[in-house]
1. In straight Cα distance, which aspartates and glutamates are under 14 Å from K10, not counting same-chain residues fewer than 8 positions off?
2. Can you give the extra length, in nm with one decimal, that the chain gains between D87 and H70 once fully stretched, where that is 0.36 nm per residue apart less the Cα-Cα distance?
3. Please tell me the relative contact order of the chain in percent, rounded to the nearest whole number, where contacts are Cα pairs under 8 Å and at least six residues apart.
4. Give a residue-ordered list of calculated ³J(HN,Hα) values for segment 10-15 (Karplus: 6.51 cos²θ - 1.76 cosθ + 1.60, θ = phi - 60°; whole Hz; x for Gly, Pro).
5. For segment 30-98, give me the percentage of DSSP beta bridges that are antiparallel, rounded to the nearest 5 percent.
6. In degrees from 0 to 90, rounded to the nearest 10, what is the angle of the helix 26-37 Cα long axis to the longest principal axis of the chain?
7. Scale the Cα Rg of segment 52-98 by the rule-of-thumb value 2.2 N^0.38 Å and send over the ratio, two decimals.
8. So what does log10 I(q)/I(0) come out to for the chain at q = 0.15, 0.23, 0.24 Å⁻¹, using the Debye formula with one equal point on every Cα and no solvent?
Amino acid sequence: MSNSISPSEKVRVHAFISGKVQGVGYRYSTVEQGQKLGINGWVRNLSDGKVEAVFEGKPEIVEQMIRWCHDGPPTAVVSGVDFEYEDVEGLQGFEFLR
């Protein structure tokens, strides 16, 4: 009997990225990375200077995305990534929210 998660199982992570993450292409790079990994979700800037994002997909792919968030694009200086797991909503695609 296997302990692995079934391929149909998905997780949702709600993340807040802080540091120099606005005005450096962080959102664009996040959308590109999300699409490249094939996960669903969205990303937007917050008025406090953070970037907020939601990722839905297979657990190992979402974990890859969270690891990517700690670095972001080369122009970003990430000081922190806070995230929590939430109930999956079944998002489709990856987009910017305003």
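We did not get these values from a lab; they are worked out from the coordinates using the rules stated. Here the structure is a predicted model, which is why all the values come from computation and not from measurement.
1. E56, E60, E63, E86, D87, E89
2. Full-extension gain reported as 3.8 nm.
3. 42 percent
4. 10, 10, 10, 10, 10, 10
5. Rounded to the nearest five, the antiparallel share is 65 percent.
6. 20 degrees
7. 1.23
8. Debye intensities relative to I(0), on a log10 scale: -0.53, -1.18, -1.28.
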